[in-house]
Amino acid sequence: AQKITQTQPGMFVQEKEAVTLDCTYDTSDPSYGLFWYKQPSSGEMIFLIYQGSYDQQNATEGRYSLNFQKARKSANLVISASQLGDSAMYFCAMRPIVLGGSYIPTFGRGTSLIVHP
Amino acid sequence: KAGVTQTPRYLIKTRGQQVTLSCSPISGHRSVSWYQQTPGQGLQFLFEYFSETQRNKGNFPGRFSGRQFSNSRSEMNVSTLELGDSALYLCASSPGGSTSTDTQYFGPGTRLTVL
């Protein structure tokens, strides 16, 4: 069984500072993908970044980067230069990589990020 | 490209009724997944449809069902509604394909309230 743990229910950061949101996972699948999503109060889940377990380099997408430490089973999201619009819930998710497309995705409980001016 | 659309956005039903939610994926996407999000259980995977066939299924009772049409649009049906079915139902689409590395793009959700 897969499990995603996000230990920080809430985080506060000052505008323009960097923040790290923690995510640890547990899986017996040899290959898997890790995702981060942002969910503003409007409810829509917005895809931020993807990391494959086989990727040698950490993924980056603009101000978002994923600090992937496979041996520690962690996939922390780093947001640089926080903006007020970054205030939202952030979810870490995982899916096994299986040929034929059969998979069950697992989501963490989320971290609420509030950016102060 | 237009994003994922879900209708209706808000719905109020009473216990015992049934409900149908609709999802239109991004043009060209063939996979549609459904999720239930509640404060108590978080985000849980319901099922995924690909090319009109259910490809994956989460751990939900048979009251929850879905289907996908030839244009990739999908519907989700919940029969005999219970109070616990009150939730935000999210639909996500992805290109689909032979592996599960697709990035999913979510719609705005349907907020279902069961009274």
Among the residues of segment A:68-104, how many are farther than 24 Å from B:ARG55 by Cα and either surrounded by fewer than 16 Cβ atoms within 10 Å (Cβ to Cβ) or out of contact with any Leu (no Cβ under 9 Å at 6 or more places or on another chain) (or both)? 11
Examine segment A:104-114 for a residue that is under 28 Å from B:ASN59 (Cβ atoms), of a type in the set (A, V, I, L, M) and modelled with pLDDT of 95 or more, and state whether such a residue exists. no
Residue hits (segment A:26-45; of a type in the set (Phe, Trp, Tyr) and farther than 21 Å from B:PRO39 by Cα) are A:TYR32
Of the residues in segment B:22-35, those that are surrounded by 22 or more Cβ atoms within 10 Å (Cβ to Cβ) and either under 15 Å from B:GLY109 (Cα atoms) or in contact with a Leu (Cβ under 9 Å, 6 or more places away or on another chain) (or both) number 6
Among the residues that make up segment B:37-58, is at least one of them within 8 Å of another protein chain (Cβ to nearest Cβ), over 22 Å from B:THR7 (Cβ atoms) and small (Gly, Ala, Ser)? yes
Looking at B:GLY58, B:GLY42, B:GLY84, B:GLY62, can you tell me which residue is at positive phi, surrounded by fewer than 18 Cβ atoms within 10 Å (Cβ to Cβ) and of a type outside the set (Asp, Glu)? B:GLY42
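The values are calculated or read from the model by the stated rules, or taken from the named source; none is laboratory data. None of these values were measured; they are calculated from a predicted model. No Cβ is skipped: glycine too gets one built from the backbone with ideal geometry, and neighbour counts run over all protein chains shown.
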